[in-house]
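Visitor: Handing you this structure, nothing more for now.
Every number here is computed from the coordinates shown, using simple stated rules; none is lab data. Note that this is a predicted model, so its numbers are computed, not measured. Because the Cβ atoms are built from the backbone with ideal geometry, glycine has one as well, and the counts that use them run over all protein chains shown.
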Number of protein chains: 2
Amino acid sequence: MSVAGVGEFGLIDRVTARLSYGSTVLLGPGDDAAVVAAPDARVVASTDVLVEGRHFRRDWSGAYDIGRRAAAANLADVVAMGATPTALLVALCVPADLSTGWVEELADGLGAEAASVGASVVGGDMSASPTLTIAVTALGDLAGRPPVTRAGARPGDLVALAGRTGYAAAGYTVLSRGFRTPRLLVEAYRRPEVPYPAGPLAARLGATAMIDVSDGLLADLGHVAKASGVAVDIDRDAFEVPPQMRDAAQALGVDPYTWLLAGGDDHALAATFPPATALPEGWRAIGRVAEGSGVTVDGSPFDGPAGWDHFR
Amino acid sequence: MSVAGVGEFGLIDRVTARLSYGSTVLLGPGDDAAVVAAPDARVVASTDVLVEGRHFRRDWSGAYDIGRRAAAANLADVVAMGATPTALLVALCVPADLSTGWVEELADGLGAEAASVGASVVGGDMSASPTLTIAVTALGDLAGRPPVTRAGARPGDLVALAGRTGYAAAGYTVLSRGFRTPRLLVEAYRRPEVPYPAGPLAARLGATAMIDVSDGLLADLGHVAKASGVAVDIDRDAFEVPPQMRDAAQALGVDPYTWLLAGGDDHALAATFPPATALPEGWRAIGRVAEGSGVTVDGSPFDGPAGWDHFR
């Protein structure tokens, strides 16, 4: 059955029937708007959009994984502020001939990724469109803490990383060259493993700045350096090339550090901490903040691509 | 200059430079997420998406008016819960060859409509896409009141309307037949005049149910009737056909009550009130709630289109 066949309200009924709601949902889908708990009287809110052909391909990823990835991209932004995600809203634009089953699997993926952090899909909108597009808004709660912005890094701070970098970018390259293995890399592209608890944990332990690595580690640390008015230097030795990535890089003629330092789709978290901080679980030191500007690797500019621009 | 020419970050800089921020914005665009005040520890959230060719046409409406309309569609959902809007987030997908000026005008329209209710555009995302798509999420605050849902209407309640119906639908019909006048109707389609203050006002005065009229008055009252488990009867005489609409209807061979009762894009608010309520300013009685189910006009089913389905 196509989405045009069941119609807008039929599709909304099918999707909402598959969703479940956590304790932060005071009023779920079905009215003009949802009502979500915002216990500390502030709400953290972020929107990201995925466009078919630009952010995902249906022949590379199933609907469930695309749903998980769309949710992850937004939930990662919320935890990168030090907040705990509470809710997602989803604006879904789909070709009229798309099967309802595809949309239901997408909803399952969105719901599962949200549920993995205690959040729920509370609302949204659907329309037919020639271009399959998934726009997600994530909400979160700061539990009384100040938000951890990009602007607080200070000279002398440690730079630390939670989660993987380069795996998803390597998987993307593998898929774009027509391969389906190594599985580790392809799966990392299809479904990022975001270190969600690391965000609020870093905030509680005094992180001075934090960012979701979505444009590539060096590009995103560049955003931190610019917003904080500091320089950041990364230790290349802090990054180990896993065997699958080493082999894939060799086979494809790619420098694996391009993936590790400039690939963004894993949604790792990068943060800065005061120098004496004993780094919390899940975080590892990868460099140091200094006076100045810009981002360097072992003291020198990185000789590789800077990041990804979704208009080019 | 095209959006591809300035790039994703260049376009974001151009747009955010044009925005201004009200007192509910604790942290605006530029970080992983925005932080918005949620004074009563709950946040109302709604998402609506507009797709070019389906919800708007660039040859019918300028970018500024499309921006105002995209904001209005979402802000209306928030006030229909009885809440006061605080913030908008916008996911914008644009063809790579679109001019940056068009996007800047769209941002001006979004910002102006938000500012008209004291809200601000606090964040979002941009991507290139073959299909121009504007997904907006609106947040709002209930100021300690319970949300006014669709489910609270009781037999005996008054049915009341704030704002216009039929004007935008008439304007749409006029434009779709190749005309550009009457100006009153065409302008109503291009830029809805939403009765924003009427939403929180109705909530304070005890409205039992409320809805934004976006699918058409009868279809939306059908949502209220279904959610509340009641019947709704509308008085046809409560609707006056303005002269411009009467003339356009005659010229185009349309029953103007089709526009008045089944046209939705004006974003009027419909609500139910306890029988003895002295209706607040901006609201007028248009019917009555009864035992039963469904929506009737002067006691009979309406012989016309039921509403709009965005998949068909």
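Visitor: Starting from the Cα gyration tensor of chain B, take the square roots of the eigenvalues, sort them a ≥ b ≥ c, and report rounded, prolate or oblate (rounded when a/c is under 1.5, otherwise prolate if a/b is larger than b/c, else oblate).
Guide: oblate
Visitor: While we're on this one: Between A:GLU187 and A:ARG145, what length comes free when the chain is fully extended (0.36 nm per residue of separation minus the Cα-Cα distance, one decimal in nm)?
Guide: Using 0.36 nm per residue and subtracting the Cα-Cα distance, I get 11.7 nm.
Visitor: Using a 10 angstrom cutoff on alpha carbons, build the Gaussian network for chain A and name the most mobile of A:ARG150, A:ARG288, A:ARG58.
Guide: In this elastic network of chain A, the residue with the biggest mean-square fluctuation among A:ARG150, A:ARG288, A:ARG58 is A:ARG58.
Visitor: When the convex hull of the Cα atoms of region B:63-140 is projected onto a plane and the area is averaged over all directions, what value comes out in nm²?
Guide: Averaging across all directions leaves 4.4 nm² for the Cα convex hull.
Visitor: Could you tell me the distance between the Cα centroids of region A:53-114 and region A:116-168, to the nearest Å?
Guide: 13
Visitor: Can you list, shortest first in nanometers, how far B:ALA96 lies from the same residue in the other copies, with each label 7 Å from Cα toward Cβ?
Guide: 2.8
Visitor: Taking a label point 7 Å out from Cα toward Cβ, give me the nm distances from B:PRO39 to the same spot in the other copies, shortest first, one decimal.
Guide: Once sorted, the set of distances for B:PRO39 reads 2.3 nm.
Visitor: Where nothing but the Cβ of Lys and Arg (+1) and of Asp and Glu (-1) is charged, how large is the charge dipole of the protein assembly as shown around its Cα centre, in debye to the nearest 20?
Guide: Roughly 80 debye, rounded to the nearest 20.
Visitor: Taking the 0 to 90 degree range and rounding to the nearest ten, how far is the long axis of helix A:243-252 tilted relative to the main principal axis of chain A, both from C-alpha atoms?
Guide: It is inclined by approximately 90 degrees.
Visitor: Let me ask something else. Of the DSSP beta bridges with both residues in region A:6-141, give the percent that are antiparallel, rounding to the nearest 5.
Guide: Beta bridges within region A:6-141, antiparallel portion: roughly 65 percent.
Visitor: Once the Cα atoms of helix B:3-16 and of chain B are each reduced to a long axis, what angle between those two axes, in degrees from 0 to 90 to the nearest 10, is obtained?
Guide: Long axis of B:3-16 versus the principal axis of chain B: about 70 degrees.
Visitor: If we hang a label 7 Å off Cα along the beta carbon direction at B:TRP60, how far is it from the matching labels on the other copies, in nm, shortest first?
Guide: 3.6
Visitor: Next question. Please compute the Cα-Cα pair-distance distribution of region B:158-297 with 10 Å bins starting at 0, giving whole percents from short to long.
Guide: 13, 43, 31, 12, 1
Visitor: What nm distance separates the two modelled labels at A:SER23 and A:SER176, each placed 7 Å from Cα along Cα→Cβ?
Guide: 4.4
Visitor: Does anyone have the angle between helix B:63-79 and the longest principal axis of chain B? Alpha-carbon axes, 0 to 90°, nearest 10?
Guide: Helix B:63-79 sits roughly 50 degrees off the main axis of chain B.
Visitor: Remind me, what semi-axes does the protein assembly as shown give for its equivalent ellipsoid, largest first in whole Å, using sqrt of 5 times each Cα gyration tensor eigenvalue?
Guide: Largest first, the protein assembly as shown gives 46, 25, 22 Å.
Visitor: Take B:ASP303 and B:LEU205, extend 7 Å from each Cα along the Cα→Cβ direction, and tell me the distance between the two endpoints in nm.
Guide: Taking the two extended label points, one gets 3.6 nm.
Visitor: In addition: Return the single residue from B:GLY294, B:GLY199, B:GLY166 with maximal mean-square fluctuation; model: Gaussian network over chain B, springs between Cα atoms under 10 Å.
Guide: B:GLY294
Visitor: Looking only at other chains, what is the average number of their beta-carbon atoms within 10 angstrom of each beta-carbon in B:116-129?
Guide: If you average over the peptide's residues, the count of other-chain Cβ atoms is 4.
Visitor: Among B:ARG246, B:ARG164, B:ARG284, determine the one that fluctuates most according to a GNM of chain B built with springs between C-alpha atoms less than 10 Å apart.
Guide: Top of the fluctuation ranking is B:ARG246.
Visitor: Turning to a different aspect of this structure: Quick one: compute the contact order of chain B, relative version, from alpha carbon pairs under 8 angstrom and 6+ residues apart, as a percent.
Guide: Averaging sequence separation for qualifying contacts and normalising by length gives 22 percent for chain B.
Visitor: Got a sec? Charge dipole of region A:143-202, +1 on Cβ for Lys and Arg, -1 for Asp and Glu; which of A:ALA143, A:SER176, A:GLY166 is way out at the positive end?
Guide: Sorting the options by dipole projection puts first A:SER176.
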